[in-house]
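Undergrad: Sharing a structure here in structure tokens format.
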Amino acid sequence: MGIYSISDLAELTGVKTHTLRVWEKRYGLLRPQRTDTNIRFYEDKDLKMLKLIQKLNTHGVRISRIAEMTSEDMERECERISLFHQDHEEKLTRGLISMDVNLMDAVLDESLREHGFETTLTSLILPCLEKMEVMWLSGEIEEAHEACFHELIKRKTIREIDTMPHNCLGPRVIMFLPHGNQQELSHLFMHFFLRKQGLCVTDMGTDINIDCACSALNKCSSECVLVVNADPVHWQFGPFIRQLADRTNIPIIISGRAADNDWANENEKVILIDGIEETVRFASHLHENLKNHIS
């Protein structure tokens, strides 16, 4: 039988310790045991329960509703969700291969109605985009298939962003894609997540040259500039960031993998963050994190 601390549970599931304590205190979802010396600990059954809770919550089930479920209810709901997503993933793949826009559109809209945009993005769209790389290499799809799917996802994402309220009082961020970087979907996904965190986002769009970028930074007050680096090997990216750092005093956040970190280490204003999830965590406490980085 496994014995776990709350830190162990957080590490094994990715749920923060603060969140675990809230779930425990407010909803009674976890019931730790105590040693003879009054130290709290958890068992395998608690870890299993937490994984069920996490899966349900990730797929849009409210914690208050989960708290009313028995463990058997949670298992049945998780199975239903798994079957739902397997069915949708299969249909989405079939629509992609046949370039059936109506089928892909219907699958995505049904998932959006059932689970919302964020869950559809993380559980259906992103896995499909990763799968497309393998399908491309195997010859199942070509450039036309990829372009068709990307355009569909772009429209869905923009529509979702447009429904979100503007938080004019939130921390201000300017974002854009440099000239030559074609990763528009990653850029739009980041815009969605930043807005969801309550940030005030000024989006300059794509294919932005250095003069246009610097002009925007001079005219629009912001806490930082954020650039999605989903194409780290592009030969123009490093020089672009160097020029940007030389011509502005505000921090520059690069979200994504960098092929060569040396150019980033040349300037303390440049902050490298690996991927969407880490960037969203950084943005959730933007003022504090920027202050800590610069100091």
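Nothing in this text is a laboratory measurement; each read-out follows from the coordinates by a stated rule. Keep in mind it's a predicted model, so treat the numbers as computed, not measured. A quick note on method: Cβ atoms are made from the backbone with ideal geometry, for glycine too, and the neighbour counts reach across all protein chains shown.
Undergrad: If we count other beta carbons within 10 Å of each Cβ, what is the order of Asp8, Asp211, fewest first? Don't jump to the answer; show the numbers that get you there.
TA: Working: Asp8 14, Asp211 10.
Lowest to highest Cβ neighbour count: Asp211, Asp8.
Undergrad: Select from segment 1-68 those GluC sites (Glu not before Pro) which occupy a DSSP coil region and have at most 16 other Cβ atoms within 10 Å, ordered by residue number. Mind dumping the intermediate values first?
TA: Working: sites: Glu11, Glu24, Glu43, Glu68; in loops: Glu68.
Loop-located and lightly packed - Glu68.
Undergrad: For Glu11 and Asp211, what is the calculated FRET efficiency with R₀ set at 51 Å and r taken between the beta-carbons, to the nearest 0.05? Please list the in-between numbers first.
TA: On the way: r = 46 Å, r/R0 = 0.91.
Efficiency computed from Cβ-Cβ geometry: 0.65.
Undergrad: With +1 on the Cβ of every Lys and Arg and -1 on the Cβ of every Asp and Glu, and nothing else charged, how large is the dipole of the chain about its Cα centre, in debye rounded to the nearest 20?
TA: Numbers: 33 positive and 46 negative charges, 277 e Å.
About 1320 debye.
Undergrad: I've got another one for you. Within the set Lys51/Lys131; Lys154/Lys196; Lys48/Lys154; Lys154/Lys291, which residue pairs have Cα atoms separated by over 29 Å? Please report the intermediate quantities before stating the final value.
TA: Numbers: Lys51/Lys131 25 Å; Lys154/Lys196 17 Å; Lys48/Lys154 37 Å; Lys154/Lys291 34 Å.
Pairs exceeding 29 Å: Lys48/Lys154; Lys154/Lys291.
Undergrad: Using the number of other C-beta atoms within 10 angstrom as an exposure proxy, rank Trp23, Trp136 with the fewest first.
TA: Working: Trp23 20, Trp136 14.
Sorted ascending by nearby Cβ count, the order is Trp136, Trp23.
Undergrad: To test your reading of the geometry: what angle, between 0 and 90 degrees and rounded to tens, separates the Cα axis of helix 17-27 from the longest principal axis of the chain?
TA: Between helix and principal axis, roughly 50 degrees.
Undergrad: Still on this structure: Write out the trypsin sites (Lys or Arg not before Pro) in segment 97-165 meeting two conditions: DSSP loop, and at most 11 other Cβ atoms within 10 Å of their Cβ. Display every interim value, and only then the final one.
TA: Values: sites: Arg113, Lys131, Lys154, Arg155, Lys156, Arg159; in loops: none.
Filter output for segment 97-165: empty list.
Undergrad: Return the single residue from Asp207, Asp100, Asp73 with maximal mean-square fluctuation; model: Gaussian network over the chain, springs between Cα atoms under 10 Å.
TA: Of Asp207, Asp100, Asp73, the most mobile in the Gaussian network model is Asp73.
Undergrad: Taking the number of other C-beta atoms within 10 Å as the exposure measure, put Tyr27, Tyr42 in order starting with the fewest.
TA: Numbers: Tyr27 14, Tyr42 22.
Least crowded to most crowded, the residues run Tyr27, Tyr42.
Undergrad: Along the charge dipole of segment 27-70, pointing to its positive end and built from +1/-1 on Cβ of Lys, Arg, Asp and Glu, which listed residue (Gln54, Gly28, Tyr42) has its Cα farthest out?
TA: After comparing all options, I get Gln54.
Undergrad: Checking the cross-link filter: which lysines have an alpha carbon closer than 20 Å to that of Lys45, excluding same-chain neighbours under 8 positions apart?
TA: The reachable lysines, counting only those whose Cα sits under 20 Å from Lys45, are Lys16, Lys25, Lys55.
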